[in-house]
Amino acid sequence: MSNKKFDLFKRLEELPSKVYVILAIFCIVIHVILCTYTDISVATCGLVLIVIYMIAAFAIHLTVNKRISFFRRASTASEEQNSGVIYTFRNMLKLPYVVVTENGKVVTVNNAMKNIAGAKATVFNSDISLICDISLKALTTRFLENEGAELSEDEEEEIDVLKDKKSMCKVNDRFYHVDCHPLHSKGKLFYLLIFNDITELKALSETHHALHTAVAYVVIDNLDEIAQYAKVSYQTEANQVDALLKEWAKGLGGILREYEKHKYVLLLTRQSLLTCVKNKFDILDKIREIRLGDDNMPITISIGITTMGASLAEREHEALVCLEMALQRGGDQVVVKNESGTFFFGGRTKSQQKRSGSHSRVIATKLCSMISNSSNVLIMGHSNPDFDSIGACVGIASLCLHLGVNAKIVTNLESENFKACTGRLRELADYKNVFVDSVVGLEESEFGTLLIIVDANNFKILEAPEIANNSFKTVVIDHHIKKEEFEHEPQLVYIDPSASSACELISEILEFSIPVGTLRKEEANVIMSGIMVDTQNFTRTVGTRTFAAALYLRSAGASPEYARTFFEQAFEDYHSEALFGTNAEIHNGEIAITASEGTGSPHDRVAAAKAADKLLAVKNVNAAFALVLMGNTVHISGRSNGKINVQLILEKIGGGGHFDVAGAALSEMGIPEAKARLRGAIDEYFADISTSKK
């Protein structure tokens, strides 16, 4: 019986005796008064009062006893009911539960909780952390969020983990889903934590997750091209590649089928994919060891693989997208897409030119059709345009003029590079109103407008990203390695990292699209300057198709001597470039690093690129990086002679680019910190190579 009920019963039992005394005193007083002030005899008055007293006392006795009997019956029923509830919770309820204070101290537990957690962990006033591996605040996250409670960083991290695992915690060797219910008693806050065993369900879920089917596409990158170049038969090497791929698939427990010459589809489990990721897809290195011809050219493969998609058909489509990205990044690599994002492996072999005339003709035909069916065309390159970006824009504008479609080039009209290479071109009547800034370009954009992006595939670095984000029809033509998927897939994508420049790709398109003699020499000179700047005057990243493009431009009247005049620099730029040579250092025996605080000139980035190019002339230097501080951002220019992939190195710190030409920008830091991050990326790159060789 509770204290309150006991006090009530005690007061009810003591009430009659008190009432009797009061009633007797009252009767005596009445007797004295009546006998004193009236003529009633003492005996008669006393007898009447005694009768009244007895009747009143009897009535009080009956009333009090009736109330006491009612409360006793109610109390007995309540105690029996409470005893039943307590018995049920403690003995009959199979779900383990524990009641804790707001500080996480154990108040009470049932037998099921004692069985799973042990008697030591469930002792009264022990901490909840002895039972499960998550703090009380993490377990009570929803209630705390509603109450506006402040959490520490560690507790917020625990809550994030808990949300991801759907309130799951571990007790001894088993896993439980925890339901938390706040309780209030006597103004104090308690929590009822109910533990639901999900160990078997978790194991089943993990098994299902591990056996989830991943779809992959595998292609041999360059077998036909190498064989054509080396003029040898490749049947033996093709059989070796086929045998290695089948052995690899068999070891993964997967299914490999060749659906076309040198093209395969692979089905494997997520668990097998995880094994490949841990091994960093060593199949790339095994295939690369197969050589062809007297020059021992390596054969490479590209793989696109994904676990995304509710059905196999959706995964098959996503795998093709991943494969296309791997090829657009230069081949010899794997692109993996899963719930966590897109990941890249490999890419340590410089891509060889794989374009064929027929492929360029197909692109040219489709591009001309899209231009002809558009109301107008906007052409745009990246911000801070170089000669390759400007030249590619001019080439597309020439094609639009030939097709009779109004075209505008969106660029920075104040750029020194723009002024240097388009001086004569802007004097032509057709080009007086072609070049516009981003404001006018946005006004020109409408539903029927075709946007053609050149020399860039990252919309964030475009001259006017807002135009690209609001474009209904987009074409991308670029030679830089594709770093990530497009947010909105363009209608036409032509990305070839094996090309020396965007101007080389545009020259091929023009050759297939416009009649001989249509391209003006002023246009040809600007396009030629783009090829020259990206090949360092035909000394780097040059292939047979590069010279073919230059020959086409030369036949249109381009003069390399005149194009070189675009590169003349002011004395201030020469001074900026000279600052880089005073503190160069060699890292890892073959990588040169130099840095400059800059002069405040907008051309410091160009000076950094030239400084990196010059360092490649140093003996035993296979890659060079030049860092320059501009405002609160350190810009890094990376160059390679083809032995080291500077794009992979700078991708590790948020940059990107091409195999032997890449860049990065590190904000809110100085030169020393940027150097440290660059060295770390270089060391990680070589560590990856060393691991793959083991």
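No lab work stands behind these numbers, since they all come straight from the coordinates. Please read all numbers here as calculations on a predicted model, not as lab measurements. We place every Cβ from the backbone using ideal geometry, glycine too, and count neighbours over all the protein chains shown.
A few points about this structure:
- Ranked from largest, the principal axis spans of the Cα set of the stretch 571-693 equal 47, 32, 23 Å.
- Volume per residue of the convex hull around the Cα atoms, evaluated for the stretch 167-287, comes out as 155 Å³.
- Along its first, second and third principal axes, ordered by size, the stretch 499-550 spans 30, 19, 14 Å in Cα coordinates.
- Estimated from the Cβ-Cβ distance and a Förster radius of 25 angstrom, the FRET efficiency linking Leu201 and Asp133 is about 0.85.
- Rg/Rh (Cα only; Kirkwood hydrodynamic radius) as it applies to the stretch 360-567: 0.92
- Subset of Lys263/Lys483; Lys202/Lys280; Lys614/Lys643; Lys280/Lys652; Lys286/Lys652; Lys337/Lys675 violating a 20 Å alpha-carbon distance limit: Lys263/Lys483; Lys202/Lys280; Lys286/Lys652; Lys337/Lys675
- Equivalent ellipsoid dimensions for the stretch 325-461 as semi-axes, Å, which come from the Cα gyration tensor, largest first: 31, 18, 17
- Residue ranges 339-347, 299-307, 425-433, 462-470 sort as 299-307, 462-470, 339-347, 425-433 when ordered by packing (mean number of other C-beta atoms within 10 Å per residue, highest first).
- Kirkwood estimate for the stretch 216-346, i.e. one over the average of 1/r between Cα atoms, Å: 14.9
- Highest average first, the peptides 364-374, 196-206 ordered by how many other beta carbon atoms sit within 10 Å of their residues are 364-374, 196-206.
- Percentage relative contact order, the stretch 571-693, counting C-alpha pairs under 8 Å, at least six apart: 18
- Using distinct alpha-carbon pairs, which all enter the 1/r mean, Kirkwood radius of the stretch 625-694 in Å: 12.2
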